[in-house]
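*Asks:* Sharing a structure here in structure tokens format.
The values are calculated or read from the model by the stated rules, or taken from the named source; none is laboratory data. Everything numeric in this text was worked out from a predicted model, so none of it was measured. FYI the Cβ positions are ideal-geometry reconstructions off the backbone, even for glycines, and counts take in every protein chain you see. Calculation scope for accessible area: heavy atoms of the full protein, side chains included, ligands and nucleic acids excluded. Shrake-Rupley method; radii C 1.70, N 1.55, O 1.52, S 1.80 Å.
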Amino acid sequence: MPVWLREHSWRQSLTAVYLSLPLRGARATAANIFCSEQYLKVSIPPFLFEAVLYAPIDDTNSTAKIGNGNIFFTLYKKEPAMWDSLTLANADKEKLQHLRENAVLEAQEKAKEETKAKKVTKQENKKYALEATMKLEEAERKRIEDLKEKERQKVTKELELWKNQQKDGDKYKSIQAKEELHQEKEPLKERQNEKLNKTRIPNEGSSKTRLKSTRGRGSCSIFSQDLREEQLPAPRAAATIKVNFTPRVFPTALRESRVAEEEEWLHKQAEARRIINSDLSELEDLKEEEKNPDWLKDKGNKMFAMGDYLGAVNAYNLAVRLNNKLPLLYLNRAACHLKLRNLHKAIEDSSKALELLTPPVPDNENARVKAHVRRGTAFCQLELYTEGLQDYEAALKIDPKNKIIEKDAEKIRQLIQGTMQSS
């Protein structure tokens, strides 16, 4: 049976009540005190104090201090007034029970509201932190894009200046070549005129004979040479010849490729990028560009590079919920799970990536090698060396020149042999 604490002292002002309760050697904590608008209870086994207050108080701002073997209460009144007594007089048991039940219900409702308010505040803080992170990333991305744009403009100006210099140089060369040709023609014409003057004689007969003689081989060669030099074309101007090749998506030659499988792979990738689940509740407060799986993948890659593996997993999770047909999302998330030692999840994501990386074509060789290696690594860390070796051998079939994978596969073989010998 509890021992009721009857000894207490109290005093009041117009706005507050000051209550002192002796503990008699008992040790009290905040958990032993319960207070509502019109009900106060202190339970310190074996002692118990209970009071139905004369009028309502402000239980939110009221305080209790424990020290020197006493509990000092400062109870602020809701309405300024002087009380006739500390407790409600002439209250029967039913009324007291009713007040106790109401106080407990009010406390429960208040606790629920506080929990709900804390949850809302936590969500708002989380949302604010996410928005702040996105703004910082957006500012950084914009800064990088501005730097790229400035560099591009600088290179464009330098290229235009070089082109103008080339054009001026070509024009100067063509003018110089014409001047040299003109200078070569002038002495040749002077020599021809001198020869013609020497052949002219006043006697008509002699002139006729000379004219006949001028029709010979020598005179014909002089005039024909002059004619040919006058008909020479100008030097050709410099130009650039553009050669266009037929575009190929895959690096292999057409004779070595598997056109049907390649077309199927391209069709699957195009279909996967068109499938986006935009009905998620998490996307209501995000911008349009932040609802893009590729944007989330890039964000996860940056977080992975910074060592924030949990943040990267969250980014990949949202991207997968938006589009679950992109193999690189599962492949990158498997790498995060390996870092976090979530080995079973790493195996699941690697297997899902391999399932989506079909049909096998040169364009997805690198991704398939990574998927086999990551799944094999997870198997080996789980001490399932046989399964891990199978994945490493599958990766070697795809990329037989990879010396690192070959060395790791050899180490796994040695582990398997050592395990078999010890057993």
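*Asks:* For the range 11-73, give me every one of the strands (runs of 3 or more DSSP E) that falls completely inside it and has 3 or more residues that are under 55 Å from the mean Cα position of the chain (by Cα).
*Replies:* Filter on the range 11-73 gives 33-35, 63-67.
*Asks:* Would you confirm, using the coordinates I've provided, whether TYR39 is within 20 Å of ARG6 (Cα to Cα), in contact (Cβ under 8 Å) with a residue 12 or more places away in the chain and touching a helix residue (DSSP H, G or I) at 6+ places or on another chain (Cβ under 6 Å)?
*Replies:* Values: within 20 Å of ARG6 (Cα to Cα): yes; in contact (Cβ under 8 Å) with a residue 12 or more places away in the chain: yes; touching a helix residue (DSSP H, G or I) at 6+ places or on another chain (Cβ under 6 Å): yes.
Here the answer is yes, as TYR39 does meet what is asked.
*Asks:* Kindly establish whether GLN108 is polar (S, T, N, Q) and within 13 Å of ALA51 (Cα to Cα).
*Replies:* Considered against the rule, which asks whether it is polar (S, T, N, Q) and within 13 Å of ALA51 (Cα to Cα), GLN108 comes out as no.
*Asks:* Quick one: how many residues across the range 90-124 are touching a residue at least 24 places away in the same chain (Cβ under 8 Å) and among the small types (Gly, Ala, Ser)?
*Replies:* Number of matching residues: 3.
*Asks:* Residue under question is ALA89, and the condition is that it be out of contact with any Ser or Thr (no Cβ under 7 Å at 6 or more places or on another chain), at pLDDT 85 or above and over 15 Å from TYR39 (Cβ atoms); does it hold? Let's see the steps before the verdict.
*Replies:* Numbers: out of contact with any Ser or Thr (no Cβ under 7 Å at 6 or more places or on another chain): yes; at pLDDT 85 or above: no; over 15 Å from TYR39 (Cβ atoms): yes.
So ALA89 does not fit the description; no.
*Asks:* Further question on the same structure: Does LEU105 meet the test of being modelled with pLDDT under 85, aliphatic (A, V, I, L, M) and over 50 Å from the mean Cα position of the chain (by Cα)?
*Replies:* No; evaluated as a whole, the condition is false for this residue.
*Asks:* Working only within the range 380-423, note down all residues that are in a loop (DSSP other than H, G, I, E, B) and open to solvent by 60 Å² or more (accessible area, probe 1.4 Å).
*Replies:* GLU383, LEU384, PRO400, LYS401, SER423
*Asks:* Just to check your reading of the model, which residue among LEU96, LEU105, LEU181 is out of contact with any Ser or Thr (no Cβ under 6 Å at 6 or more places or on another chain), open to solvent by 90 Å² or more (accessible area, probe 1.4 Å) and part of a helix (DSSP H, G or I)?
*Replies:* Within the list LEU96, LEU105, LEU181, the selection yields LEU105.
*Asks:* Quick one: in the range 274-303, of everything that is at pLDDT 70 or above and assigned to a loop (DSSP other than H, G, I, E, B), which residue is least open to solvent (accessible area, probe 1.4 Å)?
*Replies:* The residue in question is ASN292.
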